[in-house]
4 protein chains.
Amino acid sequence: MPRKSNTAERRREIVAALLAVMAERGYDGASIQAIARTAGLAPGLVHYHFENKEAILLDLVASLAQVGRARYEMLAASAASPHARLQAYIDARLATGPGADPAAVAAWVMVGAEAVRQLQVRRAYQDALAPELAMLTELLRDCLEADGRSQARAAQLAASLLAFIEGAFQLSSAARELMPEAYAAQMALQLVQRFIAAEPAA
Amino acid sequence: MPRKSNTAERRREIVAALLAVMAERGYDGASIQAIARTAGLAPGLVHYHFENKEAILLDLVASLAQVGRARYEMLAASAASPHARLQAYIDARLATGPGADPAAVAAWVMVGAEAVRQLQVRRAYQDALAPELAMLTELLRDCLEADGRSQARAAQLAASLLAFIEGAFQLSSAARELMPEAYAAQMALQLVQRFIAAEPAA
Amino acid sequence: MPRKSNTAERRREIVAALLAVMAERGYDGASIQAIARTAGLAPGLVHYHFENKEAILLDLVASLAQVGRARYEMLAASAASPHARLQAYIDARLATGPGADPAAVAAWVMVGAEAVRQLQVRRAYQDALAPELAMLTELLRDCLEADGRSQARAAQLAASLLAFIEGAFQLSSAARELMPEAYAAQMALQLVQRFIAAEPAA
Amino acid sequence: MPRKSNTAERRREIVAALLAVMAERGYDGASIQAIARTAGLAPGLVHYHFENKEAILLDLVASLAQVGRARYEMLAASAASPHARLQAYIDARLATGPGADPAAVAAWVMVGAEAVRQLQVRRAYQDALAPELAMLTELLRDCLEADGRSQARAAQLAASLLAFIEGAFQLSSAARELMPEAYAAQMALQLVQRFIAAEPAA
DNA sequence: CATGAATGAGCTTTCATTCAT
DNA sequence: GATGAATGAAAGCTCATTCAT
């Protein structure tokens, strides 16, 4: 009688360990030994569950994207208007407080850097961002429409908001001391809203 | 009479080589051997001019900051108004075209990731950003003043613009295919200007 | 009543899998996991049936020797004269065509290499070759006697034929493209026959 | 002022160490550590001089081929007739005595096994054998011609002699105890000569 | 200043073997 | 009998750094 498979759980543990180690030491600093130690596993077991180190990273990218999506959907559930959903989106990404996870944010910054140089990671990174961008464009289109504004630059506005968010992650991870307190969520919302308000009518 | 020292030049070459290699392979992928090969030097010579690998990186951070500053000053030289200087700043950072240097942008993204985990690099990164942020705050204060708006949130606006720029660097390095064409400079300027225009009067 | 043991069959499957994997990747490349996969079994089961990896190899050596012996006996059954039996022997070893098994030949070459460095394997290899050599010596003695020739060098001739065969295996496995088409069986027979014909009378 | 390069010598030492270790433990058993220890070098230095382990093996194959060629040429220098050159060739390969090098023979057997499964090694192995076979064919053609015999089967005879030699190497490495004393050189010569003598006239 | 050989620690990965179920 | 998760010791290879010349 075979032992009950716990592969799914082990894989989750390993991915979580990569996130934790990566947030502090980066991807190259996240040695298999360190990941295993953090997860409380034997080093060999990591490679039993993942073909190689990159595979863990790809899993992590998908996992972080999935967590972000889930947080937005939770916050957006009670949003009645497009503008409320926009606020929900920005809060899901940028709000500080109990839901915020600095380690995940730092890990995401590391993912972004790895995406620059590893093709597979770049693909996973883009696979995470593409639906995000599409959803955001749709959301902003709704906001523009609700205000009777031209939707022509919805995509550019979505890209801008995404850039703002990625940059806020970077700065909060590497230059928190320099930044004003809790500026990000509020400023993002106002920048977008004032931009929309000044767009030409549809 | 000793022959003239070429240390300064050699150091510049080595830093430039780190930039080039780092843009493609990241900091950990930038081995001393690879840097030396790119610079056309013997590996041992690198350690003659730099105490260790981190020292090259610290030099690179300062060098990138300095180049950015110089570009802004060149563009700002002919700017008559605060708003013109704001445009000069944004163009210096985000304009595509001949002045743009994708390798430097990618290297800066790598620097940002290293700053998350290496104390010395974080310090250098912050030493580069702090004056930038101060200068930008001053610039935005001038813009707000020129428009007769409250300057209370100049610092937050500066931080936001910086976040946008860092994020735009990240996305242009790792997800260029997903982003709209040349959105960054134009959107950055309009987002800031519309925000300013909607600020309460001073 | 316990269910019937299938140990013997499982062992055969595992040995066959070792042969197949070894022919392509060598002994060190034949990991237990690969053997199990090829045999369609769970890795743990391999060690249930064999104490360790070497034990499978020892079984394989015996099995290959046994298969070779069986093939000779089948061909020799209808051989009326010593010379006919010699031809049967050479055909059993070297004839190309339906009976030939390149994987088994390649595996045997690998066995030969392992025999050089592993004492137990060398013993098994020699235990396979010794009766072969004895039988061949006897066979050649019969041929020499039938032709009225001195039998003094029967053992040396047997050794030579064995060397030729082992070498033909090696070359057919690693340099097939270089060798003439189907030279081995015919040349072996003629070399031996002409040697015998030129031996001094008894 | 650079240190004088000793790369060529180091490479020779490493190849020699591979030969020695491989003869006793096979290719997979010849770990870089073991090679380095045998050569009296630091492990890292091995990879400084060779890109990877396979590269050492490829060098070894070429080196063994070269040594064999040199030994034949030395012995053949004083050979007046084709038959004398044939004897020189066989002696160069098979004669026991002071010139014989059991470790090189064993290493060659290991090379042969690796050639079965590694493409690059197979190519090097064939690159070593092809000129050997060509030269041998030419040599046998000369012998056949000198005796007024048909040269039609010179290539097949050359292949046969090569097979005999490879097989004799295998058996001397893994089953020396079973084989008659010093049979190989004498038997090879006589087998070939009697075959030639019985060929049809040209 | 410059060279490039040398060192050894540390990395990812593989694998025979064990064992709880 | 059978499963597959788990272990830990190697393996090949990379690399920052040192140093004789």
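Output the helices (runs of 4 or more DSSP H) that fall wholly within the stretch C:33-133 and possess 1 or more residues being charged (D, E, K, R), or say none. Write out each step before concluding.
Details: elements: C:43-49, C:53-76, C:82-94, C:102-117.
Ranges flagged: C:53-76, C:82-94, C:102-117.
Taking B:Ile165, is it hydrophobic (A, V, I, L, M, F, W, C), more than 8 Å from chain A (Cβ to nearest Cβ) and either in a helix (DSSP H, G or I) or out of contact with any Pro (no Cβ under 8 Å at 6 or more places or on another chain) (or both)? Spell out the reasoning first.
Details: hydrophobic (A, V, I, L, M, F, W, C): yes; more than 8 Å from chain A (Cβ to nearest Cβ): no; either in a helix (DSSP H, G or I) or out of contact with any Pro (no Cβ under 8 Å at 6 or more places or on another chain) (or both): yes.
When the stated conditions are applied, B:Ile165 does not pass them.
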* Answer with yes or no whether D:Gln170 is in contact with a Gly (Cβ under 6 Å, 6 or more places away or on another chain), under 20 Å from C:Gly112 (Cα atoms) and in contact (Cβ under 8 Å) with a residue 40 or more places away in the chain. => yes
* **Residue check for C:Pro82: in contact with a Lys or Arg (Cβ under 9 Å, 6 or more places away or on another chain) and within 14 Å of DNA strand F (Cβ to nearest atom)** => no
* Could you say which residue among D:Pro131, D:Pro180 is at the interface with chain C (Cβ under 7 Å from one of its Cβ atoms) and either surrounded by fewer than 23 Cβ atoms within 10 Å (Cβ to Cβ) or under 14 Å from the mean Cα position of the chain (by Cα) (or both)? -> D:Pro180
* Within the stretch A:114-128, work out how many residues are more than 12 Å from every other protein chain (Cβ to nearest Cβ) and hydroxyl-bearing (Ser, Thr, Tyr). => 0
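Results for (1) over 15 Å from the mean Cα position of the chain (by Cα); (2) at pLDDT 95 or above, shown as yes or no for each residue.
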{"position": "B:Asp28", "(1), (2)": "yes, yes"}
{"position": "B:Ser31", "(1), (2)": "yes, yes"}
{"position": "B:Leu45", "(1), (2)": "yes, yes"}
{"position": "B:Lys53", "(1), (2)": "yes, yes"}
{"position": "B:Gln66", "(1), (2)": "no, yes"}
{"position": "B:Ala84", "(1), (2)": "yes, yes"}
{"position": "B:Ala92", "(1), (2)": "no, yes"}
{"position": "B:Ala95", "(1), (2)": "no, no"}
* Asked: When you look at D:Ala39, is it under 30 Å from D:Ala146 (Cβ atoms) and at pLDDT 95 or above, yes or no?
  -> no
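Out of A:Ala100, A:Ala124, A:Ala106, report the one residue that is surrounded by 14 or more Cβ atoms within 10 Å (Cβ to Cβ) and under 24 Å from B:Ser160 (Cβ atoms). Step through it out loud before you land on a result.
On the way: A:Ala100 fails: surrounded by 14 or more Cβ atoms within 10 Å (Cβ to Cβ); A:Ala124 fails: under 24 Å from B:Ser160 (Cβ atoms).
Within the list A:Ala100, A:Ala124, A:Ala106, the selection yields A:Ala106.
The values are calculated or read from the model by the stated rules, or taken from the named source; none is laboratory data. These numbers come from a predicted model, not from an experiment. FYI the Cβ positions are ideal-geometry reconstructions off the backbone, even for glycines, and counts take in every protein chain you see.
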